[in-house]
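Encoded as structure tokens, the structure appears first; notes follow it.
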Ligand code: GLU
């Protein structure tokens, strides 16, 4: 299909219920609806499905908007079901007038209502009157873009409940009225809704609506193939945001969760995704969520960022560390800029910084480290006397060098490299590295001298020299 063959513009919708925060599963549904609509130059609608008054909460609605906004998903239209009751009532009355539905005075059980409503609904009360749909009891056939032809005998559904009263439509009814009123052409949603589809198709036919095309997305699974849960790493979008994930990385990663372009390519901008995405290429099997993969994708996006942007974004993750706060540390903008290469070598996501600071991996940035001088010696055959000589020579070189030479690691390297090569790189460079950080693992000594600067670097090397005496 392309735009010219497609007479009716495509309209998709993302229809979250504000009964919880927006998680990655919801985001994937939103993204696929967005990409599919935009691919065909169509529209995507956001519909907040808050008919379940007890479980819908304003804070969840806020969380949904915040998550979508962070990811930059813009919707062409936004609706809220709680503001549309008059429309639903009209359609309930119309179906009753046409004898396609009827008021049923009966002792209806809480289970009947829960069953006919959102399957997750709880707390339905016992009532004496409901609106039932007059089921024509037929076999319905529909095409699901992902699952293919589906055929269901709806007889066993009986005359199911569509509203608790004229003013209280149930989930399945409100959804169908909305698809009709909003001109939805494609319903792309989680496959937990497949069981609702036959009822929705029957109601749609009774309303005289054109049947939308369905695409039921397979579940997202944890790495052990069980259902993805909070314990297994599922988080709300705002948690990913607060951890410092890059929205473009999360978007790229989520697009590939269950879909691939049929090639080995892995990186796609939003525009490329719009060009390439096709819901028909979504796999039938559950897609496995792999946090390590996400971290890797995030790192790839991080590496492409301008350093000044990283310096600005990374700062709060230092400041958020309990150690940082406890010690009253601070970090200048210049310092942040010089740290960027070190960060890029060590982190996948900004939140890694906070953990590293808490784990004392960055203590050397904030003051003279403490260490055992014996660890400064490269190998026994070098010994403290030789090591002292190395420090003396390196100090001589550094003291003579202009401030300018400390602005980047290549310049610092060019000061010491020839000498280190003559004397043995490990024997000369290891003690410097260790004297500057007190750590067995650290960035190279040139980068460290750039970060610490001439004055502090020399001070630490002198201190080390003294300890060897
Ligand atoms: N409101 C439903 C949910 O959040 C989705 C309904 C649909 O997409 O048809 O699970």
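The values are calculated or read from the model by the stated rules, or taken from the named source; none is laboratory data. Worth saying up front: this structure is predicted, and the values here are computed from it rather than measured. A quick note on method: Cβ atoms are made from the backbone with ideal geometry, for glycine too, and the neighbour counts reach across all protein chains shown.
Every residue in segment 4-56 that is modelled with pLDDT under 95, more than 12 Å from the ligand (Cβ to nearest atom) and within 23 Å of residue 173 (Cβ to Cβ), please.
53, 54
If we keep just the residues of segment 181-192 that are touching a helix residue (DSSP H, G or I) at 6+ places or on another chain (Cβ under 9 Å) and near the ligand (Cβ under 9 Å from one of its atoms), which is farthest from residue 287 (Cα to Cα)?
187
Can you spot a residue in segment 200-220 that is modelled with pLDDT under 95, touching a strand residue (DSSP E or B) at 6+ places or on another chain (Cβ under 6 Å) and buried (at least 18 other Cβ atoms within 10 Å of the Cβ)?
So far as segment 200-220 goes, yes, one or more of its residues are modelled with pLDDT under 95, touching a strand residue (DSSP E or B) at 6+ places or on another chain (Cβ under 6 Å) and buried (at least 18 other Cβ atoms within 10 Å of the Cβ).
Can you tell me which residues in segment 259-275 are in contact (Cβ under 8 Å) with a residue 40 or more places away in the chain and not in a loop (DSSP other than H, G, I, E, B)?
Pass one, segment 259-275, residues in contact (Cβ under 8 Å) with a residue 40 or more places away in the chain: 259, 270, 273-275.
Matches in segment 259-275: 270, 273, 274, 275.
In the list 367, 334, which residue meets the criterion of being at pLDDT below 95, over 24 Å from the mean Cα position of the chain (by Cα) and farther than 30 Å from residue 259 by Cβ? Break it down into steps so the answer makes sense when it comes.
Values: 367 fails: at pLDDT below 95.
Among 367, 334, only 334 is at pLDDT below 95, over 24 Å from the mean Cα position of the chain (by Cα) and farther than 30 Å from residue 259 by Cβ.
Among 221, 202, 217, which is farther than 27 Å from residue 75 by Cα and within 16 Å of the ligand (Cβ to nearest atom)?
202
Look through 74, 8 and report the one residue that is surrounded by fewer than 22 Cβ atoms within 10 Å (Cβ to Cβ), free of Cβ contacts under 8 Å to residues at least 12 places away in the same chain and farther than 28 Å from residue 131 by Cβ. Give the steps one after another, and end with the answer.
On the way: 8 fails: free of Cβ contacts under 8 Å to residues at least 12 places away in the same chain.
Exactly one of 74, 8 is surrounded by fewer than 22 Cβ atoms within 10 Å (Cβ to Cβ), free of Cβ contacts under 8 Å to residues at least 12 places away in the same chain and farther than 28 Å from residue 131 by Cβ, namely 74.
Residue 169 - would you say it is touching a residue at least 12 places away in the same chain (Cβ under 8 Å), farther than 27 Å from residue 42 by Cα and under 36 Å from the mean Cα position of the chain (by Cα)?
Working: touching a residue at least 12 places away in the same chain (Cβ under 8 Å): yes; farther than 27 Å from residue 42 by Cα: yes; under 36 Å from the mean Cα position of the chain (by Cα): yes.
For residue 169, the condition - touching a residue at least 12 places away in the same chain (Cβ under 8 Å), farther than 27 Å from residue 42 by Cα and under 36 Å from the mean Cα position of the chain (by Cα) - is met.
Give the residue that is modelled with the lowest pLDDT, with candidates limited to residues of segment 75-117 that are part of a loop (DSSP other than H, G, I, E, B) and under 20 Å from residue 205 (Cα atoms). Walk me through how you get there before you give the answer.
Applying the first criterion (part of a loop (DSSP other than H, G, I, E, B)) to segment 75-117 yields 75-76, 84, 98-100, 109, 117.
Checking the rest, the ones that are also under 20 Å from residue 205 (Cα atoms) come to 98-100, 117.
Working: 98: 98, 99: 98, 100: 98, 117: 61.
Across segment 75-117, the extreme among qualifying residues is 117.
Spot the failing condition for residue 315; the list is (1) assigned to a loop (DSSP other than H, G, I, E, B); (2) without any contact (Cβ under 8 Å) to a residue 24 or more places away in the chain; (3) within 23 Å of the chain's Cα centre (by Cα), and only one is missed.
Evaluating residue 315 over (1) assigned to a loop (DSSP other than H, G, I, E, B); (2) without any contact (Cβ under 8 Å) to a residue 24 or more places away in the chain; (3) within 23 Å of the chain's Cα centre (by Cα) leaves (1) as the failure.
I need the full set of residues from segment 185-224 which are closer than 19 Å to residue 146 by Cβ, assigned to a loop (DSSP other than H, G, I, E, B) and within 24 Å of the chain's Cα centre (by Cα), in order please.
Initially, segment 185-224 is screened for residues closer than 19 Å to residue 146 by Cβ, giving 185-198, 200-201, 211-221.
Next cut, assigned to a loop (DSSP other than H, G, I, E, B) only: 185, 211-212, 218-219.
Across segment 185-224, the qualifying residues are 218, 219.
Considering (1) farther than 19 Å from residue 214 by Cα; (2) more than 13 Å from the ligand (Cβ to nearest atom); (3) free of Cβ contacts under 8 Å to residues at least 40 places away in the same chain, say which one residue 80 fails and leave the rest.
Evaluating residue 80 over (1) farther than 19 Å from residue 214 by Cα; (2) more than 13 Å from the ligand (Cβ to nearest atom); (3) free of Cβ contacts under 8 Å to residues at least 40 places away in the same chain leaves (2) as the failure.
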